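Trainee: Below is one structure. I have some questions about it.
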Amino acid sequence: MKFTTRFFYLCAAGLLTLASCAKEEPVSSEKFEAQALEAWITQHRPELLENYQSDGGYYVDVLDAGNPDAAPINDTVCWVRYDMSGRDLSGNIILTRKEKGAIQAGTYTKYTHYVPFYNYCGTSNSGLVEGTYMAFRNTLTLGESYAQQKGLDREFLLREGSQVVLYLPSRVVSSSGVSPDGGYEGQYSLEAGRPFVATITVEERVKNPLEDEGVDVDDYCEVNGGLKIFSKEDDSSETENTAMPSDPKDPGHPYLRAERWVSACDTVAQVYVNLRFDPKTDRLTFPARYESMLPPYNDPTLEDRISQALVERFHPDEEDPYAGVAALSSDSVKLDGTAKIWYIGRFLDGFIFDTNIDEVKEIIYGKVESEGKALSYTPEDGGQITAFYYVIPNLKFGQWATLLTISTHAYGSTGRSGGTSTNMGYSSSYYDYLNYLYYMQSYYGNGGYYGGYYDNYYGGYYGGYYGGYYGGYYGDTSTETTTTINTEIQPFTPLIFELYIEPSDD
């Protein structure tokens, strides 16, 4: 009896000692979350337990190995275009780049350009969710039985066409949870300390994004009326090197030649202008048109409706409103002139990200509560993207034109984040700051051929006054509170503008 009692007290003392130790060394929240994620995988996806990635503490499931002839993402510094949809462990959508997913989640907006991410993927993480970055840059290790069943090598590398699901702990996603913006948010937010399930499809790997978008811009011109590039020096021995004729009767003049697109400036690369654009007779075409299951982009008559709206708005009774411009008898804006500009801003797939024309707003976005105003622009004062500075001075009062530019003369390697902000006046957006992390601002911008353009006065200026104008100012007009909606403009994105310069007051 004595022995039993003593043994009991000894065990009790041991338990007290263990409890004391537990208080001194509590289980960390990260360890607890890792255990919870492992338990969920064990219960729901036990076959993935052997696919645990020790660097990052996440699990991977390979849905598609991708193109076997494509180079792995991690064999070079590059940019990656990829689709990603994120959910919590219950299946609730947190983030989606897909229109269908946004519709299902109840977060679809007409201001959102539902296209894949386009991010820098290099030797350091500066534009990707950490877990996504690790999956792109590291060799993924698959379990022996899993790899054998899938017909894969145990060492797996992501490449174009690859589709994987990553089960990520929050420490490689965000310490504060996930609450996206810019139209891509899901129906739910992800609280801090919660795992994130990311389904990723690699669409494209791009080694030189400047070259890639340059090819897209030239190709667009070639299939939409042809392209003529003028140079500063005239060399009759080389047909590709000719100066722009000044004589309006010269058959090589932009108003007379066969090609519709010409250089806007003979010293600046890949800013093109169609000086003969007329909404009465011309329609913009988009070979790789934005795909949507909802109006207005699923409407095959959309461009006709837009053109009709422009004609009815600006030239309801004029037979030939373009005559003075074509004859070059109208005055040009010049550097010190002030142009009142009406515009439609588009991507190369036709998606409208910006306009100050009410009739177009109504076609694209529905009812508009604020009246659009002409953009007042004096080139020598700046305040707009660089492409405007090169094009607007040469346009004439009363002229229509279309402008096409690479990102170097627009929003550059950082792009512009999308989002909705409600404020009383100007306030910086946290997501605008995040765009700085794209890193290629310095990698391709400052050290590259176009060095410095991205940071200059015209290309920057807080993203440009006109950038968020199309969204207008909504809400209660009886108060000073305004809501501004911006469509995301991704890094290295070419832009198209349909422009109308109001006739001079003189």
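The values are calculated or read from the model by the stated rules, or taken from the named source; none is laboratory data. Computed from a predicted structure; not experimentally measured. Methodologically, a virtual Cβ is constructed for each residue, glycine included, from the backbone with ideal geometry; neighbour enumeration extends over all protein chains shown. Ligands, DNA and RNA are stripped out before the accessible areas are found, and what is left, the full protein with its side chains, is counted by its heavy atoms. Shrake-Rupley method; radii C 1.70, N 1.55, O 1.52, S 1.80 Å.
Trainee: Pull out a ≥ b ≥ c, the square roots of the eigenvalues of the alpha-carbon gyration tensor of the stretch 66-224, then state rounded if a/c is under 1.5, prolate if not and a/b is larger than b/c, and oblate in the remaining case.
Mentor: Verdict is oblate for the stretch 66-224.
Trainee: Another question about this same structure. Report the full-extension gain for the segment residue 293 to residue 187: residue separation times 0.36 nm, less the Cα-Cα distance, to one decimal in nm.
Mentor: 36.2 nm
Trainee: With the Cα gyration tensor of the stretch 43-109 giving a ≥ b ≥ c as the square roots of its eigenvalues, does the rule (a/c under 1.5 for rounded; else a/b larger than b/c for prolate; else oblate) give rounded, prolate or oblate?
Mentor: oblate
Trainee: Where in the stretch 163-214 are there trypsin sites (Lys or Arg not before Pro) that are in a DSSP coil and have at most 14 other Cβ atoms within 10 angstrom of their Cβ?
Mentor: Hits after loop and neighbour filter: 207.
Trainee: While we're looking at this one, here's another question. Quick one: if you stick a label point 7 Å off each Cα along the C-beta vector at residue 212 and residue 232, how many nm between them?
Mentor: 3.1
Trainee: Under a Cβ-Cβ cut-off of 13 Å, what is the net charge of the residues other than residue 48 that fall near it, where Lys and Arg count +1 and Asp and Glu count -1?
Mentor: -2
Trainee: Given a Förster distance of 45 Å, report the FRET efficiency between residue 28 and residue 376 from their Cβ-Cβ distance, rounded to the nearest 0.05.
Mentor: Approximately 0.20, to the nearest 0.05.
Trainee: What is the distance, in nm, between label points placed 7 Å from the Cα along the Cα-to-Cβ direction at residue 77 and at residue 144?
Mentor: 4.0
Trainee: Once R0 is set to 41 Å, what does the formula 1/(1 + (r/R0)^6) return for the Cβ-Cβ distance between residue 304 and residue 50, expressed as a FRET efficiency to the nearest 0.05?
Mentor: 0.10
Trainee: Let me know the shape class of the stretch 286-423, please: from the alpha-carbon gyration tensor, a ≥ b ≥ c as square roots of the eigenvalues, rounded when a/c is under 1.5, otherwise prolate if a/b is greater than b/c, or oblate.
Mentor: It comes out oblate by the Cα gyration axes.
Trainee: How would 134, 244, 293 rank on accessible area, largest to smallest, probe 1.4 Å?
Mentor: 293, 244, 134
Trainee: R0 = 45 Å: FRET efficiency of residue 243 with residue 152, Cβ-based, nearest 0.05?
Mentor: 0.20
Trainee: What is the distance in Å between the Cα centroid of the stretch 383-411 and that of the stretch 328-367?
Mentor: What the calculation gives is 11 Å, centre to centre.
Trainee: Can you give me the C-alpha center-to-center distance between the stretch 205-220 and the stretch 491-506, rounded to a whole angstrom?
Mentor: Cα centroid to Cα centroid, the span is 23 Å.
Trainee: Could you rank the peptides 343-353, 143-153, 401-411 by their average count of other C-beta atoms within 10 Å per residue, with the highest value first?
Mentor: Top to bottom by mean Cβ count within 10 Å: 401-411, 343-353, 143-153.
Trainee: With all protein chains present, how much of the accessible area of the stretch 278-419 (probe radius 1.4 Å) comes from carbon and sulfur, to the nearest whole percent?
Mentor: That fraction is 46 percent.
Trainee: Something else: So what's the convex hull volume per residue for the Cα atoms of the stretch 180-303, in Å³?
Mentor: Taking the convex hull of the Cα positions in the stretch 180-303, it is 193 Å³ per residue.
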